[in-house]
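Below is one structure; the comments refer to it alone.
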Amino acid sequence: QSGDLMTDPKHRNKNHFIQLAELTHIACKHEGMKIIISQPNKNSLHGFVNKLGFKTIDEIIRWDLKLGMKTVPLSKLVNNSKIFKKSYLPYAKRVLKKYIAGTPALFNNPLQITIGKIQRDNAYISYKSSEDRFFIKIENVTLWIRLTDVFWIGDFDNYDSINSVVIKKIKRLAFLLGYNTI
């Protein structure tokens, strides 16, 4: 994976993003990597394709699940308040308590092809870990989630087992946690 490349808004339009990407690519070449993949956002896609020579081969699928019944948007309220932000995470952990799963040694998307596949091994998972990211298990599906302004689901480990019961439980958890968007 190309890397987490970001430029502070005060330093945009100074070619720093491209310089960071090029340095990352030099390091990858030095390590013997044969392929580099990236998942750019709308701001960086132009640079990757037009300045760094990347080719678009696929897009991430994004679904927004809206809850049928709205809840108090706790997540948005606490993100705007330092006082409430500290108490929200313990609340979220209590709500998720029976669903929180241990960190797996490997968490790969079974639908990805072998070439260019991100190896989500222990090192990768440790690098991406933070206090607002969890592995939860609903039925026999493990989800990697992040609780920010929305209830993010990064990936599932078992796509074939996602059914209406799993979706209903995800929506219920989002409702209890104060999220109107998944």
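The values are calculated or read from the model by the stated rules, or taken from the named source; none is laboratory data. Predicted model, so just to flag it, every value in this text is computed and none were measured. Neighbour counts run over all protein chains shown; Cβ positions are idealised from the backbone, glycine included. Note: accessible area is taken over every heavy atom of the protein model, side chains too, but ligands, DNA and RNA are not part of it. Shrake-Rupley method; radii C 1.70, N 1.55, O 1.52, S 1.80 Å.
Below are the figures for this structure:
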{"quantity": "Pairs beyond 20 Å (Cα-Cα), from Lys42/Lys66; Lys10/Lys76; Lys137/Lys171; Lys82/Lys128", "calculated": "Lys42/Lys66; Lys10/Lys76; Lys82/Lys128"}
{"quantity": "Val141 long-range amide H proximity, modeled H, under 5 Å", "calculated": "none"}
{"quantity": "Derived scalar couplings ³J(HN,Hα) [the stretch 38-49; Karplus, 6.51 cos²θ - 1.76 cosθ + 1.60; whole Hz; x for Gly, Pro]", "calculated": "8, 10, x, 8, 5, 6, 9, 4, 4, x, 5, 7"}
{"quantity": "Most positive-pole-ward Cα, Asn13, Ser130, Asn180, against dipole of the chain from beta carbon charges", "calculated": "Asn180"}
{"quantity": "Reported label for calculated percent of Cα pairs over 20 Å apart given [x] 63; [y] 58; [z] 51", "calculated": "[x]"}
{"quantity": "Simple spin-label estimate for Asn140 and Thr103 in nanometres, 7 Å along Cα-Cβ", "calculated": "2.7 nm"}
{"quantity": "Solvent accessible area, Å² - Asp149, 1.4 Å probe, full protein context", "calculated": "80 Å²"}
{"quantity": "The chain: relative contact order as a whole-number percent, Cα under 8 Å and 6+ apart", "calculated": "22 percent"}
{"quantity": "Using θ = phi - 60° and Karplus 6.51 cos²θ - 1.76 cosθ + 1.60, couplings along the stretch 150-161 (whole Hz; Gly, Pro as x)", "calculated": "10, 7, 8, 10, x, 5, 10, 9, 9, 5, 5, 9"}
{"quantity": "Extension gain, Ser81 back to Ile162 (0.36 nm per residue minus Cα-Cα distance, nm)", "calculated": "25.7 nm"}
{"quantity": "Principal-axis tilt of helix 164-177 within the chain, Cα atoms, nearest 10 degrees", "calculated": "80 degrees"}
{"quantity": "Within a Gaussian network of the chain (alpha carbon springs, distance under 10 Å), most fluctuating of Gly154, Gly102, Gly53", "calculated": "Gly53"}
{"quantity": "GNM flexibility winner over the chain from Ile18, Ile125, Ile138 (Cα, springs under 10 Å)", "calculated": "Ile18"}
{"quantity": "Gaussian network model of the chain, springs between alpha carbon atoms under 10 Å - residue of Ile100, Ile36, Ile145 with greatest fluctuation", "calculated": "Ile36"}
{"quantity": "Whole-Hz couplings from phi, Karplus 6.51/-1.76/1.60, listed for the stretch 76-86; x for Gly and Pro", "calculated": "6, 5, 6, 5, 9, 9, 5, 5, 6, 4, 5"}
{"quantity": "Helix-only mean residue ellipticity at 222 nm for the chain, each DSSP H run of n ≥ 4 adding -39500 (n - 2.57), per residue, nearest 500", "calculated": "-9500 deg cm²/dmol"}
{"quantity": "Global geometry of the stretch 102-173, whether rounded, prolate or oblate, following the gyration tensor of its Cα atoms and the 1.5 cut on a/c", "calculated": "oblate"}
